[in-house]
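Visitor: The structure's right below; bear with me while I get my questions together.
The values are calculated or read from the model by the stated rules, or taken from the named source; none is laboratory data. Please read all numbers here as calculations on a predicted model, not as lab measurements. Ideal geometry is used to build each Cβ from the backbone, glycine not excepted, and the neighbour counts take in all protein chains shown. Keep in mind that these areas ignore ligands, DNA and RNA; they rest on the heavy atoms of the full protein, side chains included. Shrake-Rupley method; radii C 1.70, N 1.55, O 1.52, S 1.80 Å.
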Amino acid sequence: MLTEQEIAQIFRGKKKRTANTKDANGSMIKTSSQGFEHTTLEQFKAWFEQSNFEQGCKYCGTTNEQSFRLYTAARNSENAGVDWTRGGKRGRRLEIDRLNPALPYDNLSNLVWCCYWCNNAKSNFFTAEEFQPIANQIGLALKKMLQ
């Protein structure tokens, strides 16, 4: 069960961020990440339902507990030197995804929980419907790894 602090941490991690960087010519450009722009923590907490989170990945069905088991197994295996978790920051728990990637994160009815592997593979390219056949195969592969 997620604590209030963990829910707030998830929210903060999905806030839209802007930064100034230099392009190839050395000119300053403003870049931004996708994330919550207008949604408040209170609105996010109202959206969050533990039962939805416990159902697992919207696409392949991997649960939060299974996600953590896969993360731990990978970090402790002989392949631990291959960092597919982005420095240990991804894969521990379910993540937030947009069913339709063209809609903003602020559209809370478009958000679902998904596992790291589905979120990574779906990217901002596929809609939920387009991605489902791929997710079915990911789910089968992850279940084999959990045996």
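Visitor: For the stretch 13-30, which residues satisfy the criterion of being open to solvent by 100 Å² or more (accessible area, probe 1.4 Å), more than 25 Å from ASP106 (Cα to Cα) and assigned to a loop (DSSP other than H, G, I, E, B)?
Guide: Within the stretch 13-30, ALA24, ASN25 qualify.
Visitor: On to the next question. How many residues are polar (S, T, N, Q), under 30 Å from ALA46 (Cβ atoms) and in a helix (DSSP H, G or I) if we restrict to the stretch 105-147?
Guide: Looking only at that region, the number is 5.
Visitor: Given THR21, THR39, THR31, which one is modelled with pLDDT of 90 or more, on the phi < 0 side of the Ramachandran plot and among the β-branched types (Val, Ile, Thr)?
Guide: Being modelled with pLDDT of 90 or more, on the phi < 0 side of the Ramachandran plot and among the β-branched types (Val, Ile, Thr) holds for just one of THR21, THR39, THR31, which is THR39.
Visitor: With the requirement that a residue be outside any strand (DSSP E or B), of a type outside the set (Lys, Arg) and surrounded by fewer than 21 Cβ atoms within 10 Å (Cβ to Cβ), what does the stretch 92-104 give you?
Guide: LEU99, ASN100, PRO101, ALA102, LEU103, PRO104
Visitor: Give the stretch 32-53 a look and list any residue that's assigned to a loop (DSSP other than H, G, I, E, B), open to solvent by less than 70 Å² (accessible area, probe 1.4 Å) and over 13 Å from ASN107 (Cβ atoms), or say none.
Guide: SER33, THR40, PHE48
Visitor: Taking the criterion of being charged (D, E, K, R) and open to solvent by 50 Å² or more (accessible area, probe 1.4 Å), would at least one residue in the stretch 109-124 satisfy it?
Guide: no
Visitor: Here are some residues: GLN132, GLN137. Which one is over 19 Å from GLY35 (Cα atoms), at pLDDT 95 or above and exposed (fewer than 13 other Cβ atoms within 10 Å of the Cβ)?
Guide: Just a single option satisfies the conditions, and that option is GLN137.
Visitor: Next up: Could you say which residue among LYS58, LYS89 is at pLDDT below 95, assigned to a loop (DSSP other than H, G, I, E, B) and within 26 Å of LYS16 (Cβ to Cβ)?
Guide: Numbers: LYS58 fails: at pLDDT below 95.
Residue meeting the stated conditions: LYS89.
Visitor: Within the set of pairs 6 or more residues apart or between chains, which connect a residue that is over 23 Å from THR72 (Cα atoms) inside the stretch 116-130 to a residue that is part of a helix (DSSP H, G or I) and aliphatic (A, V, I, L, M) with Cβ atoms less than 9 Å apart?
Guide: Listed by first residue and then by second, the contacts come to PHE126/ILE134; ALA128/ALA135.
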